[in-house]
Amino acid sequence: MTEETTTGAGTDRAITGAGADAPAATGAGGGSGAPFAVPVTVRGYETDTQGHLNQSVYLQYAEHARWSALQAAGIPQATLVAGGIGPVTLETTIRYRRELRAGDEVEVSCRFVWSEGKTFTIEQTVRKADGTPAAEISAVCGILDLTARRLVPDPRAALRPLATDPGVLGLG
């Protein structure tokens, strides 16, 4: 995804895609099945002076899970670029529930919530190993036409034909 803004935190940052060495993911996005999820281990350098996960890193974990979901659906970043489109994040809201510390094992889920119009929502939970939610993240997203620099009118129609497993994105 190309841009991200946190509401309440005032942080803007550029986003990069998930690497090829991304850990195995589980589940499917949207629909009646379990949400798509990826495991992440909190690294020491991601913590702040209080010893808990820095607030901006939650955004990186969420972004990693979103790119991993696209990859699992069969839509790598190169396919999007070749098709002249790219996902964008228009707004992100984070609700911090429990602190995370170095070494904590978490799972970051993704559930795509489709609506009519140019935008959709991705609901995410960063969950501790014991199942406790550490953070809830909601992102309003769209699909950008990279030539026109405008959101496409129907993001589902833009992604569905590219996906080899559309169920991961709730497009079943």
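Bear in mind that the values in this text are calculations on the coordinates, not laboratory data. Predicted model only: the values in this text are computed from it and were never measured. Counting neighbours? That spans all protein chains shown, and the Cβs are built from the backbone with ideal geometry, glycine included.
How do Thr92, Thr147 rank when sorted from fewest to most other Cβ atoms within 10 Å of their own Cβ?
On the way: Thr92 25, Thr147 8.
Exposure proxy ranking, most exposed first: Thr147, Thr92.
Around Gly170, which amide H atoms from residues at least 5 apart in sequence, or from another chain, sit under 5 Å from its own amide H, with H modelled in the peptide plane?
Amide H neighbours of Gly170: Gly29.
Going by amide H atoms built from the backbone, whose H comes under 5 Å of the H on Ala135, apart from near neighbours?
Correct list: Arg97, Arg98, Val126.
Could you work out how far the C-alpha centroid of the stretch 89-105 sits from that of the stretch 34-71, in angstrom?
First find each Cα centre; the distance between them is then 7 Å.
Going by how many other beta carbons lie within 10 Å of each one, how would you line up Arg160, Arg95, Arg66, Arg127, fewest first?
Working: Arg160 15, Arg95 11, Arg66 27, Arg127 20.
Lowest count first: Arg95, Arg160, Arg127, Arg66.
Can you sort Thr47, Thr41 by how many other beta carbons sit within 10 Å, fewest first?
Values: Thr47 19, Thr41 11.
Ascending number of Cβ neighbours within 10 Å: Thr41, Thr47.
Pop out the ³J(HN,Hα) list for the stretch 91-108 in order, Karplus 6.51 cos²θ - 1.76 cosθ + 1.60 with θ = phi - 60°, rounded to Hz; leave Gly and Pro as x.
3J(HN,Hα) across the stretch 91-108, in whole Hz: 7, 10, 10, 10, 10, 7, 10, 9, 6, 10, 10, 3, x, 4, 9, 10, 10, 10.
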